[in-house]
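K.L.:
This structure is in structure tokens; I'll ask about it shortly.
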Amino acid sequence: MKTVYERPKCLKDRHFHYCPGCGHGVIHKLIAEIIDELGIQDRTVGVAPVGCAVFAYWYYDVDFSQAAHGRAPAVATGIKRAKPDSIVFSYQGDGDLAAIGTAEIIHAANRGENITVIFVNNAIYGMTGGQMAPTTLVGQKASTAPYGRNPENEGYPIKVCELLSTLRGTTYLERTAITTPGSIIQTKKAIKKAFQNQLDGKGFSLVEVLSQCPTNWGMKPTDGTKFIKEQMMPVFPLGVYKDLSDEKGGSK
Amino acid sequence: MAKEFIKGNEAIGKAAILAGLDCYFGYPITPQSELPEYLAAEMPKVGKTFLQAESEVAAINMVYGAAGTGIRVMTSSSSPGVSLKLEGISYIAGAELPCVVVNVQRGGPGLGNIAPEQGDYFQATKGGGHGNYRLIVLAPDSGQEMADFTMLAFDLAEKYRNPVMLLADGYLGQMKEAVEFKKPERKTPANDWTIGNKLGKANVITSIDIEPEKLEKHNLNLLAKYNKIKENEVRFEEFMTDDCELFVVAYGITSRVVRSAVELAREKGIKVGMLRPQTLFPFPKDIINKLSEKTKKVLVCELSTGQMVEDVQLSSAPGTDVYFYGRCGGMVPTDIELVEQIEKILEGKGEIFK
Amino acid sequence: MAKIKIAEEFCKECGLCVEACPKKILEISNRLNTKGYKVVQITDMDSCIGCGACAKVCPDIVISVYKD
């Protein structure tokens, strides 16, 4: 019998600490599959900042650097500048990337840093227990927005792909979701392209993945996927927001 | 090698390149900007990486990333900028990464001004960032030591896998002096712990330990390291202390003025000497204890309202009167001003530091 | 012919695979794993077409899929 699916080689045989139905597990698998398929396990360096996925290094059989909250793009820049032939990816949540780390992501993108950023947008702070994030939807409840996010007081959800697409330095930006097998296939395609761009020296690639946080959303995982489709996608439309992958020669 | 007439900030840059600096990440701030400017011009010539970051916070985290790969990496800033780097420095110390952080001090607190000061002694030697960590802190007093201590800083950083701070000030940064750049001989440290070197070991650079037993054990390992540093790396200079009845403790630019004051006082027959710490951590407490045992009197001079003086109090022999004289905000004492302080103390009219 | 293998200890009873299976042959059982989750089980292995949808949506690599 042929194997249709088995544990990716570069994922250690360990339980994920993530909650039932959490999107991190799915995204971790996709990245691991890609590392196996591209044969870059010994060159890959992951950067995991503070957030539920700070422990990603427990699971990947690759080099890792655990970064301070919000600083992964800077840490990734340091690693990439020090070791240009390593394949560096940063794995960040929405609080990390779009709140405390906004400057770092904008400037790494603007420099066209030749790194791959996986941005997990689940519209909440997971690790700290469900606080409002920069991508929390208007009206969505969070422990620090108990009456629902009110734009007059907390502003509107930040659209990262759109924001970064205005920066000349970015090469590839796509927003996907992991709500269905089909969307997972699309997410993998996008992430693989983001890694391939780095391999080809084409500069900054970021994939924003709409993901769910059942525990802090207070939903069953199967309802979480509905919430993404019905509530999040209208605010965060899926699609490619920039793709210069073909035009950019391998400069970096 | 012939001597070169060079600005202190640039002397750090040249020495760092000679020491094999691979990556520099910095951010503009007076009075240290000549260093990144120098490196921006010189590093590409030797095929090395210079990058101006978007903030001091980003710069120190770039240092954290690069240091994890085992290369030689440095950043520099001045007082307020160093405050922004402290979380990153704590991470670097926790993850036990070698790097060099330069602080060309300026007036504080807050925005303060761009004039020189020594108000960051506590920040440098007592942590500043969170957690039980220490920085090795070197205190140059001249263009020559700005160069020599930069090279030393890289060696110590690798020897102990610890961040090392070069604590200078606006004068030392801006002053031009004759400097001889020595040819450093580099030991190649082990890199089996590093990332990005295709070792196939899935190494992890981290400072997190969620299990209390493990984090305590890690902290005790760090403590053992710091104690070893205290044993092996204390550096100081004694100036005319053999027969002194009083000695002055001063570091960096202040020690230059104290040196003149000691010479002036000696001309007046006053037996005074100077003890100049070259390392602020590890602090030279044994020599201070020994000298104060003899003199029972010590004067501490700083460009601050009294920070190192507390360590001198802790180090002095029982019954020693510890006096303090400081200027700050960018003001600097003259040698004559200090001689008056020395005379007042020897006449029994000095004010003991409370 | 196709079949799946379920690493029951890794299952967290999230139910995403049950929803994703086109043949509707997965369900949450009443058996608990050591972590106290009711583990997923397959009701009719012969109907499995080896599409791998369950494995794709599973966040915890519980299910391996094989096919002729």
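K.L.:
For the stretch B:266-301, which residues satisfy the criterion of being within 12 Å of residue B:246 (Cα to Cα) and in a helix (DSSP H, G or I)? Before the answer, list the steps.
P.N.:
Going residue by residue through the stretch B:266-301, those that are within 12 Å of residue B:246 (Cα to Cα) are B:266, B:270-275, B:288, B:291-300.
Scanning the stretch B:266-301 gives B:266, B:288, B:291, B:292, B:293, B:294, B:295.
K.L.:
Among residues belonging to the stretch B:28-60 that are within 13 Å of chain A (Cβ to nearest Cβ) and among the β-branched types (Val, Ile, Thr), point out the one that is farthest from the chain's Cα centre (by Cα).
P.N.:
The initial filter retains those residues of the stretch B:28-60 that are within 13 Å of chain A (Cβ to nearest Cβ), namely B:43-44, B:47-60.
Remaining after also requiring among the β-branched types (Val, Ile, Thr): B:49, B:57, B:60.
On the way: B:49: 24, B:57: 20, B:60: 17 Å.
Residue satisfying both the conditions and the ranking: B:49.
K.L.:
Sort out which residues of the stretch A:202-217 are among the hydrophobic types (A, V, I, L, M, F, W, C) and either part of a strand (DSSP E or B) or surrounded by fewer than 24 Cβ atoms within 10 Å (Cβ to Cβ) (or both), and write them in order of number.
P.N.:
Step one: filter the stretch A:202-217 for residues among the hydrophobic types (A, V, I, L, M, F, W, C), giving A:204, A:206-207, A:209-210, A:213, A:217.
Within the stretch A:202-217, A:204, A:206, A:207, A:209, A:210, A:217 qualify.
K.L.:
Here are the criteria: (1) touching a Gly at 6+ places or on another chain (Cβ under 8 Å); (2) surrounded by fewer than 24 Cβ atoms within 10 Å (Cβ to Cβ). Tell me which single one residue A:167 does not satisfy.
P.N.:
Here residue A:167 clears every test but (1).
K.L.:
Restricting the search to the stretch C:1-26, which residues are at pLDDT 95 or above, more than 11 Å from the chain's Cα centre (by Cα) and loosely packed, with under 14 Cβ neighbours inside 10 Å?
P.N.:
Once the filter is applied, which keeps residues that are at pLDDT 95 or above, more than 11 Å from the chain's Cα centre (by Cα) and loosely packed, with under 14 Cβ neighbours inside 10 Å, the stretch C:1-26 yields C:9, C:22.
K.L.:
Would the stretch B:161-173 turn up any residue that is at pLDDT 95 or above, among the basic types (Lys, Arg), farther than 20 Å from residue B:29 by Cβ and surrounded by fewer than 23 Cβ atoms within 10 Å (Cβ to Cβ)? Walk me through how you get there before you give the answer.
P.N.:
At the first step, the residues of the stretch B:161-173 found to be at pLDDT 95 or above are B:161-173.
Retained after the next criterion (residues that are among the basic types (Lys, Arg)): B:161.
Then drop every residue that is not farther than 20 Å from residue B:29 by Cβ, which leaves B:161.
Pick out the ones that are also surrounded by fewer than 23 Cβ atoms within 10 Å (Cβ to Cβ) and you get B:161.
Checked against the condition, which is being at pLDDT 95 or above, among the basic types (Lys, Arg), farther than 20 Å from residue B:29 by Cβ and surrounded by fewer than 23 Cβ atoms within 10 Å (Cβ to Cβ), the stretch B:161-173 yields at least one hit.
K.L.:
If residue B:202 passes every condition in (1) within 28 Å of the chain's Cα centre (by Cα); (2) of a type in the set (A, V, I, L, M); (3) surrounded by 15 or more Cβ atoms within 10 Å (Cβ to Cβ); (4) not in a helix (DSSP H, G or I) but one, which one does it miss?
P.N.:
Status for residue B:202: all satisfied but (1).
K.L.:
Looking at (1) part of a loop (DSSP other than H, G, I, E, B); (2) out of contact with any Ser or Thr (no Cβ under 7 Å at 6 or more places or on another chain), which one does residue A:158 not meet, given that it meets all the others?
P.N.:
Of (1) part of a loop (DSSP other than H, G, I, E, B); (2) out of contact with any Ser or Thr (no Cβ under 7 Å at 6 or more places or on another chain), only one is false for residue A:158: (2).
K.L.:
I'm checking my understanding of the structure. Among residues of the stretch A:22-51 that are touching a Gly at 6+ places or on another chain (Cβ under 6 Å) and surrounded by 24 or more Cβ atoms within 10 Å (Cβ to Cβ), which one is nearest to the other protein chains (Cβ to nearest Cβ)? Give the derivation first.
P.N.:
Keep residues of the stretch A:22-51 that are touching a Gly at 6+ places or on another chain (Cβ under 6 Å), which gives A:42, A:45, A:51.
Going one step further and asking which of them are surrounded by 24 or more Cβ atoms within 10 Å (Cβ to Cβ), we end up with A:45, A:51.
Values: A:45: 5, A:51: 12 Å.
Applying the filter and picking the extreme gives A:45.
K.L.:
If I ask for residues that are more than 13 Å from chain A (Cβ to nearest Cβ), within 13 Å of the chain's Cα centre (by Cα) and outside any strand (DSSP E or B), which ones from the stretch C:27-68 would you list?
P.N.:
C:43, C:44 - these are the residues of the stretch C:27-68 that are more than 13 Å from chain A (Cβ to nearest Cβ), within 13 Å of the chain's Cα centre (by Cα) and outside any strand (DSSP E or B).
K.L.:
Please determine whether any residue of the stretch C:16-39 is of a type in the set (Phe, Trp, Tyr) and under 17 Å from residue A:222 (Cα atoms).
P.N.:
Going residue by residue through the stretch C:16-39, those that are of a type in the set (Phe, Trp, Tyr) are C:37.
After this cut, where a residue has to be under 17 Å from residue A:222 (Cα atoms) as well, the list is C:37.
Yes: the stretch C:16-39 contains one or more residues that are of a type in the set (Phe, Trp, Tyr) and under 17 Å from residue A:222 (Cα atoms).
K.L.:
While we're looking at this one, here's another question. Return only the number of the condition from (1) among the aliphatic types (A, V, I, L, M); (2) out of contact with any Asp or Glu (no Cβ under 8 Å at 6 or more places or on another chain); (3) more than 14 Å from every other protein chain (Cβ to nearest Cβ) that residue B:261 does not satisfy.
P.N.:
Of everything listed in (1) among the aliphatic types (A, V, I, L, M); (2) out of contact with any Asp or Glu (no Cβ under 8 Å at 6 or more places or on another chain); (3) more than 14 Å from every other protein chain (Cβ to nearest Cβ), residue B:261 misses just condition (2).
K.L.:
Any idea which of (1) hydrophobic (A, V, I, L, M, F, W, C); (2) in contact with a Gly (Cβ under 6 Å, 6 or more places away or on another chain); (3) more than 14 Å from every other protein chain (Cβ to nearest Cβ) is the one residue B:205 doesn't satisfy?
P.N.:
(3)
K.L.:
Is at least one residue of the stretch C:10-24 outside any strand (DSSP E or B), free of Cβ contacts under 8 Å to residues at least 60 places away in the same chain and over 27 Å from residue A:31 (Cα atoms)? If you could, list the steps in order and put the result at the bottom.
P.N.:
Of the residues in the stretch C:10-24, the ones outside any strand (DSSP E or B) are C:10-24.
Filter once more, keeping what is free of Cβ contacts under 8 Å to residues at least 60 places away in the same chain: C:10-24.
Right, trim to over 27 Å from residue A:31 (Cα atoms) and you get C:23-24.
Checked against the condition, which is being outside any strand (DSSP E or B), free of Cβ contacts under 8 Å to residues at least 60 places away in the same chain and over 27 Å from residue A:31 (Cα atoms), the stretch C:10-24 yields at least one hit.
K.L.:
Another question, then. Confirm whether residue A:153 is buried (at least 17 other Cβ atoms within 10 Å of the Cβ), more than 14 Å from chain C (Cβ to nearest Cβ) and outside any strand (DSSP E or B). I'd like the intermediate steps shown before the answer.
P.N.:
Working: buried (at least 17 other Cβ atoms within 10 Å of the Cβ): no; more than 14 Å from chain C (Cβ to nearest Cβ): yes; outside any strand (DSSP E or B): yes.
Against the criterion (buried (at least 17 other Cβ atoms within 10 Å of the Cβ), more than 14 Å from chain C (Cβ to nearest Cβ) and outside any strand (DSSP E or B)), residue A:153 does not qualify.
K.L.:
Would you point out which residue out of B:249, B:272 is farther than 17 Å from residue B:235 by Cβ and aliphatic (A, V, I, L, M)? I'd like the intermediate steps shown before the answer.
P.N.:
On the way: B:249 fails: farther than 17 Å from residue B:235 by Cβ.
So the residue among B:249, B:272 that is farther than 17 Å from residue B:235 by Cβ and aliphatic (A, V, I, L, M) is B:272.
K.L.:
Condition first: within 21 Å of the chain's Cα centre (by Cα), crowded, with 24+ Cβ neighbours inside 10 Å and more than 21 Å from residue B:203 (Cα to Cα). Can you find one or more residues in the stretch B:88-97 that meet it?
P.N.:
Checked the stretch B:88-97: no residue is within 21 Å of the chain's Cα centre (by Cα), crowded, with 24+ Cβ neighbours inside 10 Å and more than 21 Å from residue B:203 (Cα to Cα).
K.L.:
Considering each residue of the stretch B:206-225, count those that are in a helix (DSSP H, G or I) and farther than 19 Å from residue B:88 by Cα, and give that number. I'd like the intermediate steps shown before the answer.
P.N.:
Quick first cut of the stretch B:206-225, residues in a helix (DSSP H, G or I) only: B:212-225.
Within this subset, residues satisfying the condition of being farther than 19 Å from residue B:88 by Cα are B:212-214, B:216-217, B:220-221, B:223-225.
Counting residues in the stretch B:206-225 that are in a helix (DSSP H, G or I) and farther than 19 Å from residue B:88 by Cα gives 10.
K.L.:
Can you tell me which residue in the stretch A:61-83 is farthest from residue B:56 (Cα to Cα), limited to those that are more than 7 Å from chain B (Cβ to nearest Cβ) and surrounded by 24 or more Cβ atoms within 10 Å (Cβ to Cβ)? Walk me through it before giving the result.
P.N.:
Restricting attention to the stretch A:61-83, the residues satisfying the condition of being more than 7 Å from chain B (Cβ to nearest Cβ) are A:69-70, A:72-73, A:80.
Next, from what is left, pick out any that are surrounded by 24 or more Cβ atoms within 10 Å (Cβ to Cβ): A:70, A:72-73, A:80.
Numbers: A:70: 14, A:72: 14, A:73: 14, A:80: 19 Å.
So the residue we want is A:80.
K.L.:
All but one of (1) under 30 Å from residue B:49 (Cα atoms); (2) among the aromatic types (Phe, Trp, Tyr); (3) facing another protein chain (nearest Cβ under 7 Å) hold for residue A:5, so report the exception by its number.
P.N.:
(1)
Per-residue answers, yes or no, for (1) surrounded by fewer than 22 Cβ atoms within 10 Å (Cβ to Cβ); (2) more than 26 Å from residue B:106 (Cβ to Cβ):
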residue	(1), (2)
B:258	no, no
B:302	no, no
B:330	yes, no
B:344	yes, yes
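K.L.:
Now for a separate question. Among the residues of the stretch A:165-189 satisfying the criterion of being in contact (Cβ under 8 Å) with a residue 40 or more places away in the chain and away from every other protein chain (no Cβ under 14 Å), which is farthest from residue A:25 (Cα to Cα)?
P.N.:
A:168
K.L.:
Please go through the stretch A:103-137 and pick out each residue that is surrounded by fewer than 24 Cβ atoms within 10 Å (Cβ to Cβ) and without any contact (Cβ under 8 Å) to a residue 40 or more places away in the chain.
P.N.:
Taking the stretch A:103-137 and keeping what is surrounded by fewer than 24 Cβ atoms within 10 Å (Cβ to Cβ), we get A:103, A:106-107, A:110-112, A:127-132, A:134, A:137.
A:103, A:107, A:128, A:131, A:132, listed by residue number.
K.L.:
Could you count how many residues in the stretch B:217-239 are surrounded by 16 or more Cβ atoms within 10 Å (Cβ to Cβ) and among the aliphatic types (A, V, I, L, M)?
P.N.:
Residues in the stretch B:217-239 being surrounded by 16 or more Cβ atoms within 10 Å (Cβ to Cβ) and among the aliphatic types (A, V, I, L, M): 3 in total.
K.L.:
What number of residues within the stretch B:7-41 satisfy the criterion of being surrounded by fewer than 23 Cβ atoms within 10 Å (Cβ to Cβ) and part of a strand (DSSP E or B)?
P.N.:
Residues in the stretch B:7-41 being surrounded by fewer than 23 Cβ atoms within 10 Å (Cβ to Cβ) and part of a strand (DSSP E or B): 1 in total.
K.L.:
With respect to residue A:31, determine if the residue is over 15 Å from the mean Cα position of the chain (by Cα), under 14 Å from residue A:116 (Cβ atoms) and not polar (S, T, N, Q). Even if it seems obvious, please write down each step before you answer.
P.N.:
Numbers: over 15 Å from the mean Cα position of the chain (by Cα): no; under 14 Å from residue A:116 (Cβ atoms): yes; not polar (S, T, N, Q): yes.
The answer is no for residue A:31.
K.L.:
Any idea which of B:187, B:198, B:217 is at pLDDT below 95 and out of contact with any strand residue (DSSP E or B) (no Cβ under 6 Å at 6 or more places or on another chain)? Spell out the reasoning first.
P.N.:
Values: B:198 fails: at pLDDT below 95; B:217 fails: at pLDDT below 95.
On inspection, the qualifying residue turns out to be B:187.
K.L.:
Residue C:18: within 24 Å of residue A:212 (Cα to Cα) and more than 7 Å from chain A (Cβ to nearest Cβ), yes or no?
P.N.:
On the way: within 24 Å of residue A:212 (Cα to Cα): yes; more than 7 Å from chain A (Cβ to nearest Cβ): yes.
For residue C:18, the condition - within 24 Å of residue A:212 (Cα to Cα) and more than 7 Å from chain A (Cβ to nearest Cβ) - is met.
The values are calculated or read from the model by the stated rules, or taken from the named source; none is laboratory data. Quick caveat: nothing in here was measured; it's all calculated off a predicted structure. Cβ sites come from the backbone with ideal geometry, for glycine too, and all protein chains shown count toward neighbours.
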